[in-house]
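The values are calculated or read from the model by the stated rules, or taken from the named source; none is laboratory data. It should be emphasised that the depicted structure is a prediction, and the values quoted were computed from it without experimental measurement. Note that we place each Cβ from the backbone using ideal geometry, even for glycine, and neighbour counts take in every protein chain shown. Heads up: the accessible areas ignore ligands, DNA and RNA and are worked out on the full protein's heavy atoms, side chains in. Shrake-Rupley method; radii C 1.70, N 1.55, O 1.52, S 1.80 Å.
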Amino acid sequence: MTNTQLIFKKRPIGVPDSNTWSIEKNPIPEPKEGEVLIQQHYVSLDPAMRGWMNEGKSYIEPIKIDDVMRAGSIGKVIKANNHPKYKVGDCLTGWGGVQQYVATTAENWYKVDDTLAPMPMYLGTLGMPGMTAYFGILEVGKIKSGDIVLISGAAGAVGSVVGQIAKLKGCTVVGIAGGKDKCDYMINELGFDDAIDYKSENVMLALRTKCPKGIDVFFDNVGGDILDAALVHLRMHARVVICGAISQYNATTRVKGPSNYLSLLVNRATMQGMVVLDYAKDYGKAAAEMGKWQAEGKLKSKEDVYEGIENFQSTYNRLFTGEKNGKLVLKVL
C-alpha cells in the first residue's frame, strides 16, 4: 500500500500547468507518539490555492517547493499512537493536503459527525467556505434587515451561502454569476431576489435596474471590473467585504485596482478585507447555527465531487472556468 500525493514542484506564472505539480507514490507514514494517521477521503479545491502558490507576503505562508499541495481535507483516523484527544474511527477535518494519508498531531483539526452530514458538506457549507460566508457577511458586512446586498461569484461555495444568510436576515439579495443556469439556480433554488449574468449583461447597466436604490453591502469574490461597477452604486455608509478576487489570480500583469474608490469617501462607506482564519475560535458557534438552518431546510448546500488525485489539475481548472456547480471537491480515496 502506498500514499498517492500531489507534490508542488514549480511556482506558476499565470494559469498553473502540468509542470506545477507531480504525482508521487510514497510509503504510508507511521504516526509518531501523540499522532494519528488519517486516511483521507476528500480534499477541498478553493480559489485561494492560487495565491498560496505565489512567493511573497500574504495572510499565510506560501507553499514550499516539493511540499504536498496545501488543501483542506476530511477523513477518518485509522491509527492512533497515544493521541490525547482522537481515536480510531473519528472523522476529522483539517489541513491534510492533496494526499491519501497524513500523519499529524491533529492540532487545528476538528472532529465532525459524518452520520449527520456527508463528508463533502464539511468542506463546503459546514466547512471553511461556510465559515467564510457566515463571518464575512455577519461580522464584516454587518447586515441588518432591509439591507440591499450584492454578491459577486454568488453561485459559488462562499457566495451561495452569503446570499442565503442575507435572506434569512431579511435582506434583499442580488447575485452576480456567469451563465443562465447559475442565475436560475440562485433565484429558483436559493431564493435570491434577482441575478445578473455577467457573461450576457453589462454589469454596470444591470445594477441600475436591479439595484435602483443602490447597495448597502457588496460581498466581493471577484475583484476587477465587477468591483469597480459595484462601487459606483454604493449607498450612504455602505460596507464592501473583500473576500477574494478570482478575476485577478491568474493575471500575468499588474493586479487591476478599483478606479471608482472615491465612492467610499462620497458615501462614507468602508471596504474591509476578511480572512476566515481570524474567526477560528468561533467556528463551533457558526457551525451549530448553520447546521440548525440546514436541518430546518433554510440553508441549502451543493457539492460538485470529482474523483482521483490524477485528475487534480483538470478539476482545479474548473474553479476559474466556472464549469462547476457549488463547492468543488476531489475524492482521493
> With labels modelled as points extended 7 Å from the Cα through the Cβ direction, what inter-label distance (nm, one decimal) is found for Asp66 paired with Phe320?
Replying inline: 2.6
> Counting pairs of alpha carbon atoms under 8 Å apart in space and at least six apart in sequence, what relative contact order in percent does the stretch 74-184 give?
Replying inline: 18
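Give me the dipole magnitude in Debye, nearest 20, for the stretch 136-183 about the Cα centre, with unit charges on the beta carbon: positive for Lys and Arg, negative for Asp and Glu.
On the way: 6 positive and 3 negative charges, 17 e Å.
That gives a dipole near 80 debye.
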> Along the Cα-to-C-beta direction of Thr2, a point sits 7 Å from the Cα; which residues of the stretch 17-50 have their amide N less than 14 Å from that point?
Replying inline: 22-29
>> What distance in nm separates the two pseudo spin-label positions at Glu310 and Met236, each 7 Å out from Cα along the beta-carbon direction?
In response: 6.3
> Any idea how far the Cα center of the stretch 261-333 sits from the one of the stretch 193-248, in Å?
Replying inline: 18
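Just the C-alpha atoms of the stretch 261-333: what Rg/Rh do they give, with Rh taken as the Kirkwood radius?
1.13
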>> From the protein chains alone at 1.4 Å, what is the descending order of accessible area for Cys243, Cys183, largest first?
In response: Cys243, Cys183
>> Could you report the accessible area of Asp181 in Å², rounded to 10, computed with a 1.4 Å probe on the protein chains as they sit in the structure?
In response: 130
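What trypsin sites (Lys or Arg not before Pro) does the stretch 43-105 have in DSSP loop regions with at most 15 other beta carbons within 10 Å?
Values: sites: Arg50, Lys57, Lys64, Arg70, Lys76, Lys79, Lys85, Lys87; in loops: Lys57, Lys64, Arg70, Lys85, Lys87.
Passing sites in the stretch 43-105 are Lys57, Lys64, Lys85, Lys87.
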> Computed from the mean reciprocal separation of all distinct C-alpha pairs, what Kirkwood hydrodynamic radius does the stretch 18-114 have, in Å?
Replying inline: 14.3
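Distance check, please: which entries in Lys64/Lys324; Lys87/Lys298; Lys76/Lys169; Lys79/Lys300; Lys79/Lys298 exceed 30 angstrom between their Cα atoms?
Working: Lys64/Lys324 28 Å; Lys87/Lys298 34 Å; Lys76/Lys169 36 Å; Lys79/Lys300 34 Å; Lys79/Lys298 38 Å.
Beyond 30 Å between Cα atoms: Lys87/Lys298; Lys76/Lys169; Lys79/Lys300; Lys79/Lys298.
Say a site is exposed when it is one of the GluC sites (Glu not before Pro), sits in a DSSP loop, and has at most 10 other Cβ atoms within 10 Å; what is then the longest site-free stretch of the chain?
Details: sites that count: Glu33, Glu55, Glu107, Glu296.
Here the longest segment lacking exposed loop sites spans 108-295.
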> Once Rh for the chain is found with the Kirkwood sum over Cα pairs, what is the Stokes-Einstein diffusion coefficient at 37 °C and 0.692 mPa s, in µm²/s?
Replying inline: 159
> In the stretch 87-199, if every C-alpha pair distance is counted and binned at 5 Å from zero, what percent goes to each bin?
Replying inline: 2, 11, 19, 17, 16, 11, 11, 7, 4, 1
> Accessible area per residue, 1.4 Å probe, Å², for the chain: what's the number?
Replying inline: 46
> Using all Cα-Cα distances in the stretch 108-168, what percent lands in each 5 angstrom bin from 0 up to the longest?
Replying inline: 4, 17, 27, 21, 15, 10, 5, 1
> To one decimal place, what orientation-averaged projected area in nm² is obtained for the convex hull of the Cα set of the stretch 255-299?
Replying inline: 5.8
> Once the whole set of protein chains is in place, how much accessible area is left on Ser18, using a 1.4 Å probe, in Å² to the nearest 10?
Replying inline: 80
> At a 1.4 Å probe, what is the % contribution of carbon and sulfur to the accessible area of the chain?
Replying inline: 51
> Tell me, in nm to one decimal, what length is gained between Glu55 and Lys10 on full extension, where the rule is 0.36 nm per residue of separation less the Cα-Cα distance?
Replying inline: 15.1 nm
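Run lengths n ≥ 4 of DSSP H only: what is the helix-derived mean residue ellipticity at 222 nm for the chain, with -39500 (n - 2.57) per run over all residues, to the nearest 500?
On the way: 9 runs with 77 residues, N = 333.
Calculated mean residue ellipticity at 222 nm is -6500 deg cm²/dmol.
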> Hey, rough spin-label estimate for Tyr261 and Ala280, points 7 angstrom out along Cα→Cβ, what's it come to in nanometres?
Replying inline: 3.0
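Are there any trypsin sites (Lys or Arg not before Pro) in the stretch 90-180 that are in a DSSP loop and have at most 11 other Cβ atoms within 10 Å? List them by number. If you can, show how the numbers build up before the last one.
Working: sites: Lys111, Lys142, Lys144, Lys167, Lys169, Lys180; in loops: Lys142, Lys144, Lys169.
Within the stretch 90-180, the qualifying trypsin sites (Lys or Arg not before Pro) (loop, at most 11 other Cβ atoms within 10 Å) are Lys144.
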